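Novice: First the structure, which I've put down as structure tokens, then a few questions once you've had a look.
The values are calculated or read from the model by the stated rules, or taken from the named source; none is laboratory data. Keep in mind that this is a model prediction, so the values were computed, not measured. All Cβ positions, even for glycine, are placed from backbone atoms using ideal geometry, and neighbour counts span all protein chains on display. Remember, those area values only see protein heavy atoms, side chains included, never the ligands or the DNA or RNA. Shrake-Rupley method; radii C 1.70, N 1.55, O 1.52, S 1.80 Å.
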Amino acid sequence: RCLLKMVKGNIIVPEDILNFCCNGLQGSTSPPRAQEPGEREEAPGAMASPLPARNPTEVQMSQLVLPCHTNHRGELSTGQLLKWIDTAACLSAERHAGCPCVTASMDDIYFEHTISVGQVVNIKAKVNRAFNSSMEVGIQVSYEDLCSGKHCSICKAYATFVAQGPLGSKVRLKPLTPQTEEEKIEYSIAAERRRMRLVHKDTLKDLLTHSPQETELETRDGSGAVPAERTRVESVELVLPPHANHQGNTFGGQIMAWMENVATIAASRLCHTHPTLRAIEMFHFRGPSQVGDRLVLKAIVNNAFKNSMEVGVSAEAYGQEMSVSRRHINSAFMTFVVLDQEGHPCTLPMVAPEPGDGERRYREASARKKIRLDRKYVVSCKQTEVPLSVPWDQSNKVYLSYNNVSALKMLVAKANWALAREKEKVRMYTLEEDKFLSFRIEMSVCIPAGRAFSLLSNLQRRHEWDSHYASAELVQKVDDDDMIYHVVSQKLRHESKPQDFIILASRRKPCSKGDPYVVAFRSVTLPTHPARAEFTRGETLCSGFCIWPESEEMSKVAYYNQAMPGYLNYVTTNVAGLSSNICSTFEACEKFLLKNKEDLISRLQD
């Protein structure tokens, strides 16, 4: 239209011809229809269905894998991929913070596939949750084959970034409001992942404390062990402007790429071939480095298992003067495998650790392998893939607690809850999914949320209001937030003997304003409490309470349960209105809360 109006300034063009030409450019084949009297003009795009609002922190990056990005096999270098991941995550974090951000840590990364030259890497990063001055960024990486159109997931990662103000001061972040069901789930579970990161080192110390102190060297087919010292690598890198971000600090992804390079060399010295990086352990950046720094990178094979090896890597920085002490920037542990022509893992040579620190690293590598397996087995699985009763021990207690709470939070964040029954103040909702029928029952109670949380998290008092409970014995106090109970239920008429359960109860106070108090329950197994002949051992996958403060004296109390097959008939009978047991039990819960609130007031007055 603009072009035609310019022409119209010099040449006489009738208005109807002008309109006809402009509408023709938009796909119309006839002049516009005259508007009828009283007819309303439609807004442009009114008939189009609204697209879902895009997360304002979301960043998408697509990179074509060129020969300069690949290794000798024509596969994308993992170091290059780590640089792209860190860049995308940093851009997402800075979108939310509105100021420079630095990488603080990266959770475990498991690489599922390799990427070949000519394929496209698609990276999507967005902020899951903002805390005071740090935020969690979720990253999804996939590859796309342009010839076949095939898409495949490569890895999923979580990075923590810290916002920085002038002179490196911390910046208080604005809260993030999740919109979609997926965002609400990630937002809720981010608090659990943060808790798991904070206790990561303590988990390793606890496992080593409870493990035998002597180092046992594995023997394999009588083959000799390779001295670990032969795999040692040391390399130095000068940080130049292309290696730094817009703040002058070395890119976290660049440091990770250099570390991956020396780790690969160390692994190659053990196996005398080209290894493949399969996983990177959770790690933290301990300090920044700047342009002009010299980075000293050291790597050594800590331990070699049958089909995999762990390589320890460290990065230290110093300036121009060697007399100045080096600054420890980062340490990481990387797992490598060697694949044959069919892609199957090959058997690796053994490692003979050097006395002292080498033996310590050897033992710690074995402990980390167990922790990795526990974490991958319990945390990384989808909820439907986790066994009902996972064996509890000292090394996996953090991850079982994480899985317990995150499973309940995922259930709470589901969007398709439907009101099934309403009886006075009690409301019952159901959620139908492929494999589960879940129910939620809620009401408002005149009691402070913290007091309700304290009462409902103590299973030893549940029999006072829940007629299904006969007793609950505290078997083990794991810590202040996690307890294990042996629960015995009342015998039902159609049962030959009562059921018993080994229940892990995990409690969480709100992480920030708007979060609920959480009490989550799931089954575990304990060697000290095997199944007994006088009981039928029952199991629960996911259940628990969420308590939201509505005011200083009012709380919304909600109970959630993913119904197991043996419990299904009881639930459907209540949903259909043929029984009111669940509503009656919840009404008894309200009376229990109010009674104990009054008892507390009386004791305070006395």
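Novice: Taking 60 Å as R0, compute the FRET efficiency from the Cβ-Cβ separation of K491 and E550 and round it to 0.05.
Specialist: 0.95
Novice: Can you tell me the length gained on complete extension of the stretch S153 to C446, counting 0.36 nm per residue apart and subtracting the Cα distance?
Specialist: On the way: separation 293, 0.36 × 293 = 105.48 nm, distance 4.87 nm.
That pair, S153 and C446, stretches by 100.6 nm at full extension.
Novice: List every residue whose amide H lies under 5 Å from the amide H of V478, counting only residues 5 or more places away in sequence or on a different chain, with H placed 1.01 Å from N in the peptide plane.
Specialist: M483, I484
Novice: How much of K591 can a 1.4 Å solvent probe reach, expressed as accessible area in Å² and rounded to 10?
Specialist: 150
Novice: Given an 8 Å cut-off on Cα distances and at least 6 residues of separation, report the relative contact order of segment 56-182 as a percent.
Specialist: About 28 percent, as a whole number.
Novice: So, one more: Evaluate the distance, in nm, between pseudo-label points positioned 7 Å from the Cα of N71 and of A531 along their respective Cα→Cβ axes.
Specialist: Inter-label distance under the simple model: 4.6 nm.
Novice: Next question, about the same structure. Sort 101-107, 464-470 by the packing proxy (mean of other Cβ within 10 Å over each peptide's residues), most packed first. Provide the component values of the computation, followed by the final result.
Specialist: On the way: 101-107: 22.4, 464-470: 15.9.
Highest to lowest by the protection proxy: 101-107, 464-470.
Novice: Heavy-atom accessible area of H284 with all protein chains present, probe 1.4 Å, nearest 10 Å²?
Specialist: 70
Novice: Using 0.36 nm times the number of residues separating S512 and N307, minus their current alpha carbon distance, what extension gain do you get? Show your work: numbers first, answer last.
Specialist: Numbers: separation 205, 0.36 × 205 = 73.80 nm, distance 4.38 nm.
Gain on extension, S512 to N307, equals 69.4 nm.
Novice: On a 30 Å Cα-Cα criterion, which of the cross-link pairs K150/K306; K205/K556; K435/K497; K414/K497; K83/K369; K397/K425 come out too long?
Specialist: K150/K306; K205/K556; K414/K497; K397/K425
Novice: Same structure again: Count charges around A191 for me, please; just the other residues with Cβ under 10 Å from its Cβ, Lys/Arg as +1, Asp/Glu as -1. List each step's numbers first, then the result.
Specialist: Values: positive: R129, R193, R194, R195, K409, R508; negative: E136, E192, D515.
Its environment carries a net charge of +3.
Novice: What accessible surface, in Å², does a 1.4 Å probe find on T347, ignoring ligands, DNA and RNA and rounding to the nearest 10?
Specialist: Solvent-accessible area, nearest 10 Å²: 80 Å².
Novice: Further question on the same structure: List every residue whose amide H lies under 5 Å from the amide H of A563, counting only residues 5 or more places away in sequence or on a different chain, with H placed 1.01 Å from N in the peptide plane.
Specialist: HN-HN under 5 Å from A563: L437, S438, F439.
Novice: A follow-up question, please. Which percent of the accessible area of segment 56-182 is formed by carbon and sulfur heavy atoms (probe 1.4 angstrom)?
Specialist: Looking at segment 56-182 in its full context, I get 53 percent from C and S.
Novice: To make sure I understand the rule: partners must be aspartates and glutamates, Cα under 14 Å from the Cα of K595, and not fewer than 8 residues away in the same chain. Which ones qualify?
Specialist: The qualifying aspartates and glutamates are E464, E587.
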